[in-house]
1. Using Cα centres only, tell me the gap between region 423-442 and region 209-239 in whole Å.
2. Kindly express, to the nearest 10 degrees and within the range 0 to 90, the angle between helix 17-29's C-alpha long axis and the longest C-alpha principal axis of the chain.
3. Working from the pairwise distances between different alpha carbons, so that the mean of 1/r is found and then inverted, what is region 181-297's Kirkwood radius in Å?
4. For region 332-394, take N as its residue count and report Rg(C-alpha) divided by 2.2 N^0.38 Å.
5. Could you calculate the contour length gain from L494 to S49, that is, 0.36 nm times the residue separation minus the distance between their Cα atoms, to one decimal place in nm?
6. Bin width 10 Å, origin at 0, all Cα-Cα pairs of region 1-144: what percent of pairs per bin?
7. How large are Rg and Dmax for region 564-628 when only the alpha carbon atoms are used, in Å?
8. Quote the FRET efficiency, to the nearest 0.05, computed for K419 versus V283 with a Förster distance R0 of 60 Å and r equal to the Cβ-Cβ distance.
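No lab work stands behind these numbers, since they all come straight from the coordinates. No experiment lies behind these values; they were computed from the predicted model shown. So basically every Cβ, Gly included, is an ideal-geometry build from the backbone, and we count neighbours across all protein chains shown.
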Amino acid sequence: MKVLIKKILLLTNNQLFPYLFLILIGLTVYYKFVVFGKIPFPGDLLVSSYSPWFDYYKIPTQNPLISDVFSQFFLWKYLAVDSFKNLEWPLWNVHSFTGTPLLATYHSATLYPLNFLLLFPKYIGWGIFILSQTLIALITSYLLLFYWTKSKLSSLLGAIIFAFSSLMTTWLELGTAVHAMAWLPLCFYAVELFLHTGKIRYSLLLITGLLFMILAGNAQVTTYSFIIILIYYILNSWTKNFKQYIYRTSFFSLVLAISILLSAIQLIPSLDLLKKSIRLTEVYTSEYNYGLLPLKDGLKFFIADFFGNPVTRNFWGNLNYSETSGFVGSLTLPLLIYALLFLKKTKKNIFFLALLLVTLILAFDNPISQSIYKLRIPLLTSSYASRILFISAFAISILSALSLNQILENKEKQNEFIKVVLWSWAIIVGIIVGIFVCKITLWNLLNLESRESYLKYYLNDHSYQLINFSIALRNSSVSLVLLSSILTFYLILLKFRSKIRTKNLLQLLIIAILILSTLDLSRYFLKFNPFVSPSLIFPNVPAIDFLKSQKSLYRVGREHAETLPPNTWTAYNLQSYEGYDPIYLNQYGKFMHFLNGGDIRTGNSSRYAEVASNYSSPYLDAANVKFFIAVLRDNHGYTPGDLLNFKFKETR
């Protein structure tokens, strides 16, 4: 037994062990893909919710939110890869909007180097491509954290928090922003090495990280990252030798400029398209308060499903789950409290505390964030404010690892840590008690009070439905159980205190936190992200086969309903006058507005270019529309059949 323990210790002391362990964690979380060959793709939503597939596929849908995966990113990436396979540049997309730029569409990320993974056959490449972003995030964040802390345990926990938390999970299957974020820790690592050694090779590493980040295809994440990397470098490169400071800052600016110049082949056409697109006139963010979060959404940082979850069809929160989920793990709460109260105020620690504070100010609704987003700053404020939660989660993962490292370095800090765990437990208990009191109070108001004003107010507000309080109570219990488990485990360890050294006792407690946090974040990850059989990825059905069999050049139209989601015809090499893209040409948007009966001179453009009702327009004939896809309905406008048991009947 002693020999076995000794071998295990030797294995864990190996420098490669943490990286192999993180890869194993990543592969285990993706077990549906690795073991069963299921692809991280919402194919269940595609075939069970839209015609012409839903007549043939009667399966439940896991997540109804992420249709953009099959309406945009999946299709565009395969278009680009197919173009390169044919030795052509992916300049143009002939399938939507009667033709539209492809390479210039920045979020299509046609030039992202890791697109080569899509060359693997039968959609296995898509699975590897999605998996790769999680593995990159795990490895690069561990690399950075271990450089700072020299602690394997704290670095492992920080890496797992970063890779599986918040929008890193809810944006996973889109394959853009998470890839961009995954390179941010590597950029910080390169900056640190360059600051301390001044060696050119580390500036080359930084250029590579920045280049990959730019080409990954998310403008907001890239812009945020460039800003914080630049600020971090300026603050940490300061020296009393002013000439040396100017020299080093100038050289760093040159490094940033080189990364931008190397990506100019992507950035120049993208900026040109942006100026001509609907993005500059679209007002969808202001219609939803710029995507700014109400203060109550702060609960979701540590209670993932406090406001429900779209997967369980009980979400009652703000906007939608994928845009607003800041969840970083229930057991991260005591680490964050520790960081705020007890973490040493070094320059690095202060930077990440300030970064977290600034990102939260920009993400949540307040006078400062309102004034900034009303300025409509390109790249920064043209999308939902909540997307800065990417950076918030990154800052929290760093602070969690730094806090844990400080606790491990000084056994006297153990009591402080247990204290914040108790505080965290008390906070969650307080939340649960508060919910219960609110539920009882509301029940009494609705059932015992006869005032019409009470009934009118509470019954008309969705937030005050009694079922919502039950959802919040049930889902808050997960956090309570996890924190209670840690406290119970600590009490058990105390009983064996005479046989366990204080340092080992603390390490066992941290290992327990690492295991439970991994399980907690994995549950969050797997609950949200569907994995499906490759057979559910754009399968052929008779209606599609008929269209594909037509030899002439033509375009298809569709009913404005649950029919052939935007752009999905691309998968079958079909063409349409419609499309869906937040940066397609503004002139074409005005034309589509005109087709829908609007004024071509004054109409606003929508990211959905589709005809809503004017299906007999002669302009559709001019656009070479030969076939039209619609759902056969009865005289009342309903789809015939018993949708509960899927026995379709004749329509009378």
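1. 41
2. Helix 17-29 sits roughly 40 degrees off the main axis of the chain.
3. Answer for region 181-297: a Kirkwood hydrodynamic radius of 16.2 Å.
4. That works out to 1.28 for region 332-394.
5. Length gained, L494 through S49: 154.7 nm.
6. 10, 28, 31, 19, 8, 4, 1, 0
7. So, for region 564-628, Rg and Dmax equal 11.8, 35 Å respectively.
8. The formula returns an efficiency of 0.80 here.
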